[in-house]
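Novice: Here it is: the structure, laid out below.
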């Protein structure tokens, strides 16, 4: 049996199967908290534990899939390209909003981490948490954080956005759909965007643009320092 | 364009991205560089949407599956979270709320400054 688990196909099959289950549950119950990545992660870990299969065997095929994060990141350009007219129209508010958001995200992580005595490696894993996972992972390894913790931080941050965005919009009386979308996308990336799309087409589009711009600004800020 | 052609295009953009990133004087992710490169080439209509449509739809739709792999590695990194779970959650939450508020405020001020004249006239 060990031979079977050593095959790269094992990791690939397990990842795709569990992710499909995650996608199905997410659609079936229409809840953003049934995140496919979380469901797949829990299922994979459970199966590896029960079968007493070492993580290294899973990663033989897993590494092949991680490699595909690269072209997937390249494809984010296509997602922005289809929103180009809107990006051009509101270029200045978008750029300023996302830059301020990215700066606040990074500085607040540094401040709060110091305040709560978070370890250095954890802080490095938390720094890119406001950007979409593809970019966050790249930054995490660049900063020598722990990528698995970064994935968790990114998803958690998305959940915070879903939970609190409607409340914050009420408290601050934000009526402009452009502001709503940009604030959601900048603070809670793709997961928040799923919520923004339900609020309206302008919120959804703005949130999608914010993911891209915030990602690029965050890379520049973190690389520069 | 057929799917193999689209994948070739993506792989080539990736290689170019890595090469361009290495020209910079500081470490910069090649994937982000290839993303910016693709956007530029699309804006200048050198690469058109139909050149890359099917491949990009696949990658954008199933991107999450690729993140499962680094995420599963958490099973061997639980030690890093020892005694840090609550701070970890707090930092995530507080920082996200602050980011939301700051972005909303910044956009609000910018829009009111930019479009003030239009509203008045």
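The values are calculated or read from the model by the stated rules, or taken from the named source; none is laboratory data. For clarity, every value in this text was computed on a predicted model and none was experimentally measured. Cβ sites come from the backbone with ideal geometry, for glycine too, and all protein chains shown count toward neighbours.
Novice: Only residues that are more than 20 Å from residue A:33 (Cα to Cα) and under 12 Å from the mean Cα position of the chain (by Cα): list them for region A:179-213, please.
Specialist: Scanning region A:179-213 gives a single hit, A:212.
Novice: So, one more: Of the residues A:78, A:100, which single one is at the interface with chain B (Cβ under 7 Å from one of its Cβ atoms), modelled with pLDDT of 95 or more, closer than 30 Å to residue A:176 by Cα and outside any loop (DSSP other than H, G, I, E, B)? Give the derivation first.
Specialist: Numbers: A:78 fails: modelled with pLDDT of 95 or more.
Exactly one of A:78, A:100 is at the interface with chain B (Cβ under 7 Å from one of its Cβ atoms), modelled with pLDDT of 95 or more, closer than 30 Å to residue A:176 by Cα and outside any loop (DSSP other than H, G, I, E, B), namely A:100.
Novice: Shifting gears a bit: Look at residue B:58 and say whether it is closer than 29 Å to residue A:112 by Cα and in the same structural domain as residue B:10 (by TED's automatic domain parsing).
Specialist: no
Novice: Further question: Conditions: (1) over 30 Å from residue A:59 (Cβ atoms); (2) buried (at least 23 other Cβ atoms within 10 Å of the Cβ); (3) modelled with pLDDT of 90 or more; (4) more than 7 Å from chain B (Cβ to nearest Cβ). Residue A:183 meets all but one. Number of the miss?
Specialist: (4)
Novice: Consider region B:70-88. How many of its residues are more than 7 Å from chain A (Cβ to nearest Cβ) and either within 15 Å of residue A:188 (Cα to Cα) or modelled with pLDDT of 90 or more (or both)?
Specialist: 1
Novice: Oh, and also: Within region A:12-58, which residues are in a helix (DSSP H, G or I), over 15 Å from residue B:62 (Cβ atoms) and within 19 Å of the chain's Cα centre (by Cα)?
Specialist: A:38, A:41, A:42 - these are the residues of region A:12-58 that are in a helix (DSSP H, G or I), over 15 Å from residue B:62 (Cβ atoms) and within 19 Å of the chain's Cα centre (by Cα).
Novice: Would a scan of region A:167-179 turn up a residue that is at pLDDT below 90, in a helix (DSSP H, G or I) and surrounded by 24 or more Cβ atoms within 10 Å (Cβ to Cβ)?
Specialist: No, region A:167-179 has no match at all.
Novice: Let me ask something else. What are the residues in region A:49-62 that are in contact (Cβ under 8 Å) with a residue 12 or more places away in the chain and within 8 Å of another protein chain (Cβ to nearest Cβ), if any?
Specialist: Across region A:49-62, the qualifying residues are A:58, A:59, A:62.
Novice: Taking residue A:70 as the residue in question, decide whether it is assigned to a helix (DSSP H, G or I) and more than 20 Å from the chain's Cα centre (by Cα).
Specialist: Answer is no for this residue.
Novice: If you don't mind, there's one more thing I want to ask. May I ask you to verify whether residue B:12 is at pLDDT 95 or above, more than 9 Å from chain A (Cβ to nearest Cβ) and loosely packed, with under 12 Cβ neighbours inside 10 Å?
Specialist: Against the criterion (at pLDDT 95 or above, more than 9 Å from chain A (Cβ to nearest Cβ) and loosely packed, with under 12 Cβ neighbours inside 10 Å), residue B:12 qualifies.
Novice: As an exercise: evaluate residue A:34 against (1) at pLDDT 95 or above; (2) more than 10 Å from chain B (Cβ to nearest Cβ) and give the number of the one condition it does not meet.
Specialist: Residue A:34 satisfies every listed condition except (1).
Novice: Looking only at region A:142-166, count every residue that is more than 10 Å from the chain's Cα centre (by Cα), facing another protein chain (nearest Cβ under 9 Å) and either outside any helix (DSSP H, G or I) or farther than 25 Å from residue B:107 by Cα (or both) and tell me the total.
Specialist: So the count comes out to 5.
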